[in-house]
Each structure stands twice: as C-alpha cells, then as structure tokens.
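Read through the structure below, which is laid out as structure tokens, and then see the notes.
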Amino acid sequence: MPNKTEQSLTTAKSRGIFLLPNLLTTAGLFSGFFAIVASMNNMFESAAVAIFIAMVFDGLDGRVARMTNTESEFGAEYDSMADIVSFGMAPALVMYNWALGDLGKLGWLAAFIFVAGGALRLARFNTNHGTSDKRYFQGLAIPSAAAIVAGFVWVGSKYEVDPSNVSYFAAFLTIAAGLLMVSNFRYHSFKDVDWRGRVSFIAILAIVLAFVIVATEPSLVLFSIFFLYAISGPITTFRTVKKIKLEHVVGDTDCEEGDSATKSQQETSEKAQKSDDKKTSD
C-alpha cells in the first residue's frame with residue numbers, strides 16, 4: 001500500500017501539464033494576440049501573416065501531442081481557448097480595423113457574426129469529437145475560416161487596395177465565413193491520409209512545385225486555396241445528396257443520426273435473435 005509521500009508525488013505528477021504541446025499552443029495564442037495589436041497599429045500585412053503563423057502552430061500542437069503521447073484534457077481545453085482568440089477574435093478585429101470600421105453598425109455586426117460562428121463551431125466540434133466521422137468536418141473549420149478573412153486582408157494590403165472600395169464585399173465575406181462554420185456542409189478533413197506511407201517520386205515533385213507556387217505570391221495563392229476549400233463544402237453536399245433538406249444545410253442532425261443508430265441496433269438484435277432461434281431449432 002503506497003504511503004502518503006508516494007501518493008502526494010503521484011497527485012503532483014497528475015496535476016502537471018505537458019510542456020511541448022502546450023508551448024506550441026501558447027505560441028499560436030501569442031501570434032493571434034500579436035495580429036490584434038498589429039492591426040490596431042495599421043500593420044495589416046503583418047497581422048494577416050501572424051494569423052497564418054498561428055495556423056502552423058495550431059496544426060503542430062495536436063500532432064506533437066499524439067506523437068509524443070502527451071495528450072491531455074487540459075491541452076484540449078487550452079487549445080480551444082487559444083483557437084477562439086487566434087482564429088475568432090483576431091481575424092474579426094483585423095478585418096474590422098482594415099475595412100469594416102467605416103460601415104458602422106453593419107461592420108461590427110459582421111465581425112461579431114464571425115466570432116460567434118467560430119465559438120459555436122468549436123463548441124460543436126468538442127462535443128461531437130468522439131462520435132463524428134473523422135474523414136469530414138461538419139461545417140467549415142475555424143482555422144480555414146480565419147485564413148479566408150486574414151487572406152483577404154493580406155491580399156488587399158499587399159496590392160494596396162483601398163478598403164473603402166471593398167468594404168461591403170469584406171462584410172459579406174466575413175459573414176459568409178461565420179455562417180459556413182455553423183453550417184452542416186461536409187468538408188474533407190484529410191485525416192485519412194497516410195502521412196507515414198510511401199509515395200511515388202512524382203508526388204514529391206508535385207509537393208515541391210506547390211511550395212514554389214505558394215512562394216511566388218503567398219497572399220493570393222493561400223487566399224485562393226482556402227476560398228476554394230470553403231466553397232467545396234456546399235458543392236460536395238449538393239452533389240452527394242439527392243434531395244436537399246434544411247438539416248443538410250443548417251440545424252441539428254442528432255435526431256436523424258440517433259434514429260439511424262437505433263435502427264442499426266434493432267437490426268443487429270433481430271439478426272442475433274434469428275440466429276439463436278435457428279440454433280435452437282437445429
């Protein structure tokens with residue numbers, strides 16, 4: 001039976017947090033906070049780049065935690081808190097400071113819709129994480145939505161576009177990105193890709209070519225990639241679903257999934273009962 005000293009050491013160890021994945025999460029949180037401060041100082045290009053840097057850290061922390069077996073509930077909660085700042089508040093405020101401020105009430109309402117959509121998206125993802133299909137996201141992921149908003153600001157700052165000329169389109173883009181996050185459109189998560197598997201030499205050349213294309217015009221290319229990814233969800237949904245219903249676009253689908261799960265359990269029990277009856281008769 002362990003003594004009090006061993007119990008206290010075990011309790012202290014369990015209360016500790018893993019350094020490496022949470023350090024990466026903190027770096028992403030810092031990048032998002034820097035983006036807000038930079039936009040307040042009219043450094044919009046630096047602000048947009050900081051949000052994309054936060055995306056890199058956000059992609060690394062989870063993978064590093066899984067590779068090093070350092071996953072924890074604290075890390076998952078901390079990551080969600082950092083995401084709402086880096087990919088919710090930061091893109092909305094950067095866009096507001098760049099183009100939405102002159103629109104008055106419409107401007108801050110558009111920014112708020114984006115923030116609220118991001119918060120709801122994270123809450124739904126955290127509650128459905130264990131039951132949802134790993135191959136697809138339900139709704140646009142918040143980092144992708146942030147990339148669209150930040151990418152538009154990056155393109156406008158890079159090419160010296162007058163924000164007053166695109167303010168209404170910026171409001172539409174911000175609202176659309178916020179609504180896509182709370183939609184039921186299915187987006188490919190790319191989690192079924194075997195990153196450890198072997199690929200052909202042509203695939204490596206294609207990856208090198210992709211890096212070269214991004215390096216030529218990073219703002220325009222990255223914005224175009226994430227914009228096409230955003231519209232891929234509605235296109236995929238309308239192509240795969242024969243009869244579009246309201247729950248395919250927005251709303252709660254738990255009842256429908258629960259009914260199908262109940263039917264599947266009933267069918268399984270009926271088959272088992274038939275098998276037992278057959279054995280009994282034999």
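Bear in mind that the values in this text are calculations on the coordinates, not laboratory data. Computed from a predicted structure; not experimentally measured. In this analysis, Cβ positions are derived from the backbone assuming ideal geometry, glycine residues included, and neighbour counts consider all displayed protein chains.
Starting from 0.36 nm per residue, how many nanometres of slack lie between residue 207 and residue 134 once their C-alpha separation is accounted for?
Taking 0.36 nm per residue and subtracting the Cα distance, the gain is 23.8 nm.
Which trypsin sites (Lys or Arg not before Pro) from segment 123-186 combine a DSSP loop assignment with at most 13 other Cβ atoms within 10 Å?
Sites meeting the loop and neighbour criteria: 134, 135.
Just to verify a number: FRET efficiency for residue 249 and residue 221, C-beta to C-beta distance, R0 = 30 Å, to 0.05?
Working: r = 30 Å, r/R0 = 0.99.
That gives a FRET efficiency of 0.50.
What's the exposure ranking of 79, 252, going from fewest to most Cβ atoms within 10 Å? Please list the in-between numbers first.
Values: 79 21, 252 10.
If I rank by nearby Cβ atoms, fewest first, I get 252, 79.
Run the quick spin-label model on residue 20 and residue 66: label points 7 Å from Cα toward the beta carbon, then report their separation in nm to one decimal.
1.5
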